[in-house]
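Worksheet for the structure shown next.
The values are calculated or read from the model by the stated rules, or taken from the named source; none is laboratory data. The structure presented is a predicted model; accordingly, all values stated were derived computationally and were not measured. Note that we place each Cβ from the backbone using ideal geometry, even for glycine, and neighbour counts take in every protein chain shown.
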């Protein structure tokens, strides 16, 4: 997996984190990935080599965290979403 977060090992115990991590991986294995568009130096013109391995690791870690209990709480609390 190219877009693996620092705490990827946690997905076995937290299915929602796993879903976030796997969805992010699928979106970022394309030639013009979501991350390459987000980090493009020139708007709407991502280029090969602009996204580093560290960029991928940090982004994947944050996305996976959104599926964690704390990350899910953060999203729900911030957006005012209730169960």
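Residues in the range 6-15: is at least one touching a helix residue (DSSP H, G or I) at 6+ places or on another chain (Cβ under 7 Å), surrounded by fewer than 18 Cβ atoms within 10 Å (Cβ to Cβ), free of Cβ contacts under 8 Å to residues at least 60 places away in the same chain and not in a helix (DSSP H, G or I)? Yes, the range 6-15 has at least one match.
Each row is one residue, and each column tells you yes or no for (1) touching a helix residue (DSSP H, G or I) at 6+ places or on another chain (Cβ under 8 Å); (2) closer than 18 Å to residue 4 by Cβ; (3) surrounded by 15 or more Cβ atoms within 10 Å (Cβ to Cβ).
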residue: 41; (1), (2), (3): no, no, no
residue: 52; (1), (2), (3): no, yes, no
residue: 58; (1), (2), (3): no, yes, no
residue: 61; (1), (2), (3): no, yes, yes
residue: 65; (1), (2), (3): yes, yes, yes
residue: 75; (1), (2), (3): yes, no, no
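Against the conditions (1) over 10 Å from the mean Cα position of the chain (by Cα); (2) assigned to a helix (DSSP H, G or I), where does residue 20 fall short? Just the number, please. Failed condition: (1).
Beta carbons closer than 6 Å, at least 6 apart along the sequence or on distinct chains, pair a first residue in the range 64-82 that is within 22 Å of residue 12 (Cβ to Cβ) with a second that is in a loop (DSSP other than H, G, I, E, B) and modelled with pLDDT of 90 or more for 64/5. Scanning the range 24-61 for residues that are in a helix (DSSP H, G or I) and free of Cβ contacts under 8 Å to residues at least 24 places away in the same chain yields a count of 10.
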